[in-house]
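Comments concern the structure below.
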Amino acid sequence: MRRITMTLAAGAAAAALAVTLPASARWHTGDPQDQSLRALAADHGLYVGTAIDVGALSDPTYSQIAASQFSTVTAENAMKWETIEPERGVYNWAPAEQFMAFAKAHDQKVRGHVLVWQNQLPAWLTEGVADGSISKAELRGILHDYITAVVTHFQGRIWQWDVVNEAVTDPWDSPDGHITYKGFWYENLGAGYIADAFRWARAADRQALLTYNDYNIDAFGDGGPLDKTQFVYDMVKDLRAQGVPIDVVGSQAHLSTRYGNYSPFQIADAQQKFASLGVATALTEVDVRNLMPAEQTGDTMNPLLQAQAYDYSALMQGCLASRHCISYTVWGFDDGHSWTNTWDFGAGAGAEAMATLYTADYQPKLAYRAIQADLAFTGAPQVLSRIPQHPTR
Ligand code: XIL
């Protein structure tokens, strides 16, 4: 860091201000439109990331954009349990290692995704529990051993681990009228698995930042029993009070323009409230879907492109507003490789898509320009450089 003294004239009075800026000069020469997201974000100490589809890395345009625009990467599927341990005791590190090599070659920090989640588990595990051949006690040991094996394998190479993913219910899926825990691990082991998982991960890597990651926690609601963000906030507060090593809260931020939208202030408020617990925050899986119009014309497409750009920007501004928001990761960067093309979000498979920053032929969309401009045109006094997070001891 270097210190720069600027003199600001405020009416008749002039005040001398000492402003601390990152050593990488804030004032780039040239047009900000020609600068990558990762270069512009570096001025804020922010990492901008993407999920990587390992199978797409053979496409040179895909690789070139992934390498040049992003300073952190997440494996979209290659580090999920069904891929890493497809048969009991047989580990398949190759796809994950291909991804790790790409990150290393391009000087990118890695978000490890994901250790404990109810989806994309191997059949031997879920079927073994279902047919009783794996007991509850054995299951807890299996989880311990898996976390230990995976975190140890990648030890020293992971910046942030998504330790526990999507552990709580949604308002529309909370029959008792309040948000609670959900899923395979809760049903079989009780809520204690969450604290266990963080402790086991910390024991295997003392440097990686440990993250609780979830969706629909982008903004607070009414603070009542069906407010998922409030539930996660209270959960993280309780766990940290017990000394559980949670360092980061990750908000996936899968949005759709068909729903009412957040203002940047609502996003900023949530980022700042979580940070008040002593954790850093991260936006971990940003995408903004559109209901696909029957016909793609200017009349149908332009409003969608603008609404999408607004949401990407609101998330970026909300992140920049908190000095503890350390990364902004998109869940795929081009419409050709987005999970939204095949996923059913309620309107049918693929009915909500066009969710990323680039078209399928790799042209940047308005959303790309919006977050690029947010990064280029923001600074003091509201936007200050990030405060790096350190692991909780
Ligand atoms: C998705 C992938 O993008 C798809 O390719 C896969 O078929 C299903 O999972 N929340 C998460 C991510 O934490 O792991 C999910 O990724 C998207 C929702």
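The values are calculated or read from the model by the stated rules, or taken from the named source; none is laboratory data. These numbers were taken from a predicted model, which means no experiment stands behind them. Because the Cβ atoms are built from the backbone with ideal geometry, glycine has one as well, and the counts that use them run over all protein chains shown. When the accessible area is computed, the model is the full protein with side chains, heavy atoms only, and any ligands, DNA or RNA have been set aside. Shrake-Rupley method; radii C 1.70, N 1.55, O 1.52, S 1.80 Å.
Is the stretch 315-322 home to any residue that is touching a Leu at 6+ places or on another chain (Cβ under 6 Å) and within 23 Å of Ser263 (Cα to Cα)? Explain how you work it out, then say what you get.
From the stretch 315-322, those touching a Leu at 6+ places or on another chain (Cβ under 6 Å) are 315, 319; that's our starting set.
Okay, now just the ones that are also within 23 Å of Ser263 (Cα to Cα), so 315, 319.
Yes, there is a match, as at least one residue in the stretch 315-322 is touching a Leu at 6+ places or on another chain (Cβ under 6 Å) and within 23 Å of Ser263 (Cα to Cα).
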* For the stretch 73-128, how many residues meet the condition of being more than 11 Å from the ligand (Cβ to nearest atom), of a type in the set (S, T, N, Q) and more than 24 Å from Ile246 (Cα to Cα)? -> 3
* Is it the case that the stretch 168-182 has a residue that's within 16 Å of the ligand (Cβ to nearest atom), farther than 21 Å from Asp53 by Cα, within 18 Å of the chain's Cα centre (by Cα) and in a loop (DSSP other than H, G, I, E, B)? -> no
* Asked: Looking at this structure, is Tyr186 under 26 Å from Val248 (Cβ atoms), surrounded by fewer than 19 Cβ atoms within 10 Å (Cβ to Cβ) and among the aromatic types (Phe, Trp, Tyr)?
  -> yes
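Select from the stretch 338-347 the residues that are more than 9 Å from the ligand (Cβ to nearest atom) and either among the basic types (Lys, Arg) or not in a loop (DSSP other than H, G, I, E, B) (or both) and list them in ascending order.
Of all residues in the stretch 338-347, those more than 9 Å from the ligand (Cβ to nearest atom) come to 341, 344-347.
Those that are more than 9 Å from the ligand (Cβ to nearest atom) and either among the basic types (Lys, Arg) or not in a loop (DSSP other than H, G, I, E, B) (or both): Asn341, Asp344.
Residue-by-condition table, conditions (1) of a type in the set (Val, Ile, Thr); (2) open to solvent by 10 Å² or more (accessible area, probe 1.4 Å):
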residue: Gly45; (1), (2): no, yes
residue: Gln69; (1), (2): no, yes
residue: Asn77; (1), (2): no, yes
residue: Trp81; (1), (2): no, no
residue: Ile84; (1), (2): yes, no
* Structure fact -> All conditions in (1) assigned to a helix (DSSP H, G or I); (2) surrounded by 19 or more Cβ atoms within 10 Å (Cβ to Cβ); (3) more than 16 Å from the ligand (Cβ to nearest atom) are true of Gln266 except (2)
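Being in a helix (DSSP H, G or I) and either farther than 22 Å from Glu166 by Cα or of a type outside the set (A, V, I, L, M) (or both), is that true of even one residue in the stretch 247-258?
Of all residues in the stretch 247-258, those in a helix (DSSP H, G or I) come to none.
No, the stretch 247-258 contains no residue that is in a helix (DSSP H, G or I) and either farther than 22 Å from Glu166 by Cα or of a type outside the set (A, V, I, L, M) (or both).
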* May I ask you to list the residues in the stretch 282-332 that are of a type in the set (Phe, Trp, Tyr) and open to solvent by 10 Å² or more (accessible area, probe 1.4 Å)? => Tyr310, Trp331
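Within the stretch 351-374, work out how many residues are within 13 Å of the ligand (Cβ to nearest atom) and either in a helix (DSSP H, G or I) or more than 18 Å from Ile267 (Cβ to Cβ) (or both). Spell out how you get there, then give the answer.
Narrowing the stretch 351-374 to residues within 13 Å of the ligand (Cβ to nearest atom): 353, 355-356.
Retained after the next criterion (residues that are either in a helix (DSSP H, G or I) or more than 18 Å from Ile267 (Cβ to Cβ) (or both)): 353, 356.
Residues that pass the stated criteria total 2.
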* Asked: Do we have any residue at all in the stretch 136-156 that's under 30 Å from His390 (Cβ atoms), of a type outside the set (Gly, Ala, Ser) and within 16 Å of the ligand (Cβ to nearest atom)?
  -> yes
* To do: Out of Ala314, Ala380, report the one residue that is small (Gly, Ala, Ser), part of a loop (DSSP other than H, G, I, E, B) and in contact (Cβ under 8 Å) with a residue 24 or more places away in the chain.
  => Ala380
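Which one is least open to solvent (accessible area, probe 1.4 Å) among residues in the stretch 196-235 that are among the basic types (Lys, Arg) and over 19 Å from the mean Cα position of the chain (by Cα)? Show your work before the answer.
Taking the stretch 196-235 first, the residues among the basic types (Lys, Arg) are 199, 202, 206, 228.
Filter again for over 19 Å from the mean Cα position of the chain (by Cα), leaving 199, 202, 206.
Values: Arg199: 105, Arg202: 12, Arg206: 127 Å².
Filtering first and then ranking leaves Arg202.
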* Taking Leu115, is it crowded, with 19+ Cβ neighbours inside 10 Å and within 23 Å of Arg202 (Cβ to Cβ)? -> yes
* What are the residue pairs meeting all of these: first residue in the stretch 162-173, first residue open to solvent by less than 10 Å² (accessible area, probe 1.4 Å), second residue within 11 Å of the ligand (Cβ to nearest atom) and of a type in the set (Asp, Glu), Cβ atoms under 8 Å, and 6 or more apart or on different chains? -> Asn165/Asp214; Ala167/Asp214; Val168/Asp214
* Quick one: what pairs do we get from the stretch 110-125, first residue under 16 Å from Glu76 (Cβ atoms), second away from the ligand (no atom under 11 Å from the Cβ) and among the charged types (D, E, K, R), C-beta under 7 Å, 6+ apart or different chains? -> Val110/Arg157
